[in-house]
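Structure first, then comments.
The values are calculated or read from the model by the stated rules, or taken from the named source; none is laboratory data. Values in this document were obtained by computation on a predicted structure and should not be read as measured data. Positions of Cβ are backbone-derived with ideal geometry, glycine not excepted, and every protein chain shown enters the neighbour counts.
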Amino acid sequence: MKLFRDGDGNAEPLWREEVSIHAADERYVSRRQFAKFLVLTSLAMFVGNLWILVKSWLARKPVYPARPVARTGEIPVGGVRLFNYPGPNDPCILVRTSETEVVAYSQKCTHLSCAVYYSKENDRIECPCHEGYFSVRTGDVLQGPPERPLPRVVLEQRGDQLIAVGMDLGRGPQGGKEARHA
Ligand code: FES
């Protein structure tokens, strides 16, 4: 049998060094295991929270395609172009409000999703279902039951093409401004 010397110099079987039989040592091992458990649990919770944070950050930043929706010269002032963006079932409306400015919005009314249209006579976007009216320049609600502005399509001009590059759902820094083109 293999032996080892304890603190007092007594020879003890080796298994006594491996397996503690003293209550104090057992408590010490328990505390150490408990501390290890706490560290591992904290680490797991930290990694879990980090994962949730990354997922919610990615969810808040949807990736939109860049899609040509019109040429600058082909729509007269007061004219309209209907298109789908970002998906094939997301109808949108583009309105040329002046020689140099165009705006585009989701065509779904923010009340109950009826299709809105541009009223040239009233120079506003109107919803036929419950007489909800929106500003053609900002998409903000002018009147009626809708409580939220129309989501705005972010446009960029590249050459003579107007390209949809994103959706402004919450009125970011460019919200309320019209896209200018030459
Ligand atoms: S659905 Fe547009 S005002 Fe009700």
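Could you tell me whether residue 108 is out of contact with any helix residue (DSSP H, G or I) (no Cβ under 8 Å at 6 or more places or on another chain), crowded, with 17+ Cβ neighbours inside 10 Å and of a type in the set (Lys, Arg)? So residue 108 fits the description; yes. Can you tell me which residue in region 142-153 is surrounded by the most Cβ atoms within 10 Å (Cβ to Cβ), limited to those that are in a strand (DSSP E or B) and touching a residue at least 24 places away in the same chain (Cβ under 8 Å)? Per the stated criteria, the residue is 153.
Tallying residues that are farther than 20 Å from residue 124 by Cβ and among the polar types (S, T, N, Q) within region 73-99 yields 2.
Candidates 43, 94, 112: the one that is within 16 Å of the ligand (Cβ to nearest atom) and aliphatic (A, V, I, L, M) is 112. Taking each residue of region 87-111 that is in contact (Cβ under 8 Å) with a residue 12 or more places away in the chain and at positive phi and looking for partners that are within 16 Å of the ligand (Cβ to nearest atom) and charged (D, E, K, R) with beta-carbon atoms closer than 8 Å, six or more apart or interchain, yields nothing. The set of residues in region 68-90 being farther than 14 Å from residue 159 by Cβ and exposed (fewer than 12 other Cβ atoms within 10 Å of the Cβ) consists of 76, 87, 88, 89.
If only residues of region 115-139 that are farther than 22 Å from residue 79 by Cβ and assigned to a loop (DSSP other than H, G, I, E, B) are counted, the one that is farthest from the ligand (Cβ to nearest atom) is 131. Evaluating residue 73 against the criteria (1) in a strand (DSSP E or B); (2) modelled with pLDDT under 95 leaves one unmet condition, (1).
Can residue 169 be described as at pLDDT 95 or above and out of contact with any Ser or Thr (no Cβ under 6 Å at 6 or more places or on another chain)? Taking the combined requirement at face value, the residue does not satisfy it.
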